[in-house]
Structure formats: C-alpha cells, structure tokens
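Reading through the structure tokens given below for one structure.
The values are calculated or read from the model by the stated rules, or taken from the named source; none is laboratory data. What you are looking at is a predicted structure, and each value in this text was computed from that prediction instead of being measured. Cβ sites come from the backbone with ideal geometry, for glycine too, and all protein chains shown count toward neighbours.
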C-alpha cells in the first residue's frame, strides 16, 4: 500500500496527515473538497481514503457512495468532529471501512493502515485462487475431499441405486439432510418429492397428524376437508425423518406398522392407504445406545437401521475446512452479488484450530458473519467470532467434561463394572448435565449444543430426572 488520499477542508489537518504519512513511508495525496478528491481517485486509485464528512459542495457521505461506484475495493475511513449515532450508522451502512472521530488519534490511524495493508497482501495471495473460481453458482452438494467424506460419497452412490431404508447418524450441523437429499436426487425417485420433517421440533399430537394426515373432524380444529400427511405427499419420492430418536413410543409403534405394511391410516380414519415412499431417517444420537436405554423401540431400530451412514464431525476432517469456506463464499457471492475473494492464511489456521461444536452449520454462520464484519472483500482473523479467535475459553468447559468422562471410565475399569455404559450414562446425566446448564447460565440451547444433543432431548432428560 502506497497512495493515501486525504480529503479535508481543514489545512492544518491535511498538513498533519501529510507529515505523519510521509514519516511512515506512505505517499499522501491531499484534496480540499470532494470533487477534487474524486478526480484524484480517478487518476491515482489510492488504496485508502481518509474522508471528512463536512465538506464544501458534495458531502463526505455523498462522496463515499461515488467512490464505491468508481472502485469498491478502495477503503474509505470517515472522519468528523460532529459524530453522532445516525452519521456513524449511515457511514457504515454505505460501506465505510471505519469511522474516526476528531481530534484524530494517530494510534487508531496506524491500526487502520495496518489493517488495509494486510488486506492488500491477502488480496495478492488470493489472486490466483480467484482466477480459478469460474463457476460462482452454488449447487446442492456435499463438500470435502477427506477420506471420511470419500466413504460417505461411496455410500450415497450405493444407496441411490436402491430403495432400502437408510439411517444417518451424526452430530447437529454435520449435514444429515444434505446427505439424504443427495441420495434422493441421485436415485430413480429424483422426479418424486423430497419431504423433510423434524420429529424433534413438533409436539407428538401434531407430529402424528403431520406424518399420517387426518380426516375431517379427527380433532378439535381439524379442517372440514381433512389433510394428507407427509407420507402421502412423498408418495413416489422420499420422506426424511429427521431426529427420529425424539419420536414418542406411541408414534414409534405406528411408524413400525407403516414400514412393515407399506400403508398408512389417517388420524381419525379407518381406511388404509397404500404408499410407495422411501424412508431416510436421521438422528444426532447413537441410536443403538438409545435402544439400550429403553428410549427407542428395538424392533423399529432394526427396521430403520438397514444401512447406517455415520457422518464425521467437522473437527475430525479439518482439511476440508478450506474447501467448505470457499464453497460458502461462492454461495455468498451468488446470493448477494458480491465478490468476496477469500480468507487469509492466518484466518484459515484459526478455523482449523477450532473445535466446531456446531460443525458445518456453525462454520457457515461464522463465514457469513465474517463477511458482514470485514467491510471488504477479504476475511481476516479479527472478523471471526470471538470464540474462534480465542478458542481456549470457549472450549474450556468441553475439556473439563472430557477429563471428567475419562476419570469415570478409568474408575469403572478398575472396579470391573459389568455395565460400564449404563453407569457412565447415569453419572453423566446426574452430574454433568446440571453442571453444563449452570455454566451456560441456564441457557438450554447453549447447554444442548455443548452436550451434543438437541434442545428437545435435553428437556426430555431434565423432565425424566425430575421424576426420579
């Protein structure tokens, strides 16, 4: 970075900036009004513009919009001695890089110069990658070249060639629905409907009517026409039963009959309806262990577990993170008509060092958040969420939980316990769940995320323990 344009009608400020920037090794360009500043931009294309708001003629905010039309990559810092909430918000909304109140703090200016210099360096590093990105249109696809994902792709191809029931296990955010959609869209049923339903997000009475439909007058509030359920809507296609482990025992019985007979019965009705619907189920739990706990029917488990696809957590395939980041940036560019170049190598390192309890979904949110906060076309470390910049504090509780679990396992082995799993489960639910909830200030959503279970499952476990 070399050329820096100062646009200010105060000669003393321009002189001070000229002396400071020259001493720092930059080439300052001075303009006393916005019109002259815009001409300088056309002729010299500076990397950074320090722009006063109150100028004779065109205002600083109007000039900011014109600068972005000329070259969106030019970073503009707004300066004013009359700052207020409204002007600050307006400046940042118009894509200002930063906002400096007067009198100017030179330490703040140095920090801004450093950030802009880093942006320019990263842009050069990413220039080759940008040339390779010819297709900016996001597609329905799984992303990753790790060995774990290669095995997943193989299973998707195998299952797309038949109509067997598939069970997908994986932590929240690992892409279970995306795998289900990939199986459907590559199968002979691709012309049929793909119907997804989250069994853990809908109360049992409503879930039954959603799955199987209902006849007129089946319950209070039922429409006079009745309503087909998801199984009927997916006839000839695929139904995706997400979080199937949260389904009540009564509904499990009804689902078992549906899978066995290939027919359904609407709620309140007596007529059976034949269906030709492929079932793909998913859960964020180990379903075999859920069966051992008595929370899922064994007969239904063996029926849905014809073929198991286990998705790896993101922390076990960190080499896929750069590919995923590039994929999300392509999506953002396509959806918002931006031209985000990419992330710095330091940013990539931070992303690969993080534990990712929310997996790919959390990574996507982090990238989208960073794009908004970057105010430029490059993502730097400071644009990432704080817990990713400083992973130690965010992961401290998880490390404590892992240590406690290891201690319990070692003690159980010493005592030669016959039922190690049951003892571990009981101890964890009795001790660790309340500990996590307290640590999260009783935020159940955050606690469930740390425990690796859904919020619905956490609530069910708390209710179950309260009755003991």
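A quick yes/no check of all residues on (1) surrounded by 14 or more Cβ atoms within 10 Å (Cβ to Cβ); (2) modelled with pLDDT of 90 or more; (3) in contact with a strand residue (DSSP E or B) (Cβ under 9 Å, 6 or more places away or on another chain); (4) part of a helix (DSSP H, G or I):
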{"site": "291", "(1), (2), (3), (4)": "yes, yes, no, yes"}
{"site": "295", "(1), (2), (3), (4)": "yes, no, no, no"}
{"site": "302", "(1), (2), (3), (4)": "no, yes, no, yes"}
{"site": "312", "(1), (2), (3), (4)": "yes, yes, no, no"}
{"site": "321", "(1), (2), (3), (4)": "yes, yes, no, yes"}
{"site": "329", "(1), (2), (3), (4)": "yes, yes, yes, yes"}
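Any residue that is under 22 Å from residue 284 (Cα atoms), within 28 Å of the chain's Cα centre (by Cα), at pLDDT 80 or above and not in a helix (DSSP H, G or I) - is there at least one of those in the range 432-448? Checked against the condition, which is being under 22 Å from residue 284 (Cα atoms), within 28 Å of the chain's Cα centre (by Cα), at pLDDT 80 or above and not in a helix (DSSP H, G or I), the range 432-448 yields no hits at all. Against the list (1) more than 23 Å from residue 115 (Cα to Cα); (2) touching a residue at least 24 places away in the same chain (Cβ under 8 Å); (3) surrounded by fewer than 16 Cβ atoms within 10 Å (Cβ to Cβ), the condition residue 12 fails is (2). For residue 233, the stated conditions hold: it is in contact with a strand residue (DSSP E or B) (Cβ under 6 Å, 6 or more places away or on another chain) and within 22 Å of residue 164 (Cβ to Cβ). The residue pairs whose first member lies in the range 229-246 and is free of Cβ contacts under 8 Å to residues at least 40 places away in the same chain, whose second member is buried (at least 22 other Cβ atoms within 10 Å of the Cβ) and in a helix (DSSP H, G or I), and whose beta carbons are closer than 8 Å, counting only pairs six or more residues apart or on different chains, are 229/211; 229/212; 230/211. Out of the residues in the range 273-289 meeting the condition of being loosely packed, with under 15 Cβ neighbours inside 10 Å and in contact with a strand residue (DSSP E or B) (Cβ under 7 Å, 6 or more places away or on another chain), tell me which one is modelled with the highest pLDDT. Ranking the qualifying residues of the range 273-289, first place goes to 274. Mind counting the residues in the range 17-63 that are over 25 Å from residue 90 (Cβ atoms) and free of Cβ contacts under 8 Å to residues at least 40 places away in the same chain? Count: 11.
So is residue 266 at pLDDT below 90 and more than 20 Å from residue 198 (Cβ to Cβ) or not? Spell out how you get there, then give the answer.
On the way: at pLDDT below 90: yes; more than 20 Å from residue 198 (Cβ to Cβ): yes.
So residue 266 passes the test.
Can we say residue 345 is surrounded by fewer than 16 Cβ atoms within 10 Å (Cβ to Cβ) and either over 30 Å from residue 216 (Cα atoms) or touching a helix residue (DSSP H, G or I) at 6+ places or on another chain (Cβ under 6 Å) (or both)? Spelling it out, residue 345 is indeed surrounded by fewer than 16 Cβ atoms within 10 Å (Cβ to Cβ) and either over 30 Å from residue 216 (Cα atoms) or touching a helix residue (DSSP H, G or I) at 6+ places or on another chain (Cβ under 6 Å) (or both). Pairs, please: C-beta under 6 Å, at least 6 apart or cross-chain, first residue more than 17 Å from residue 236 (Cα to Cα) and in the range 257-268, second modelled with pLDDT of 90 or more and part of a helix (DSSP H, G or I)? Filtered contacts from the range 257-268: 266/212; 267/212.
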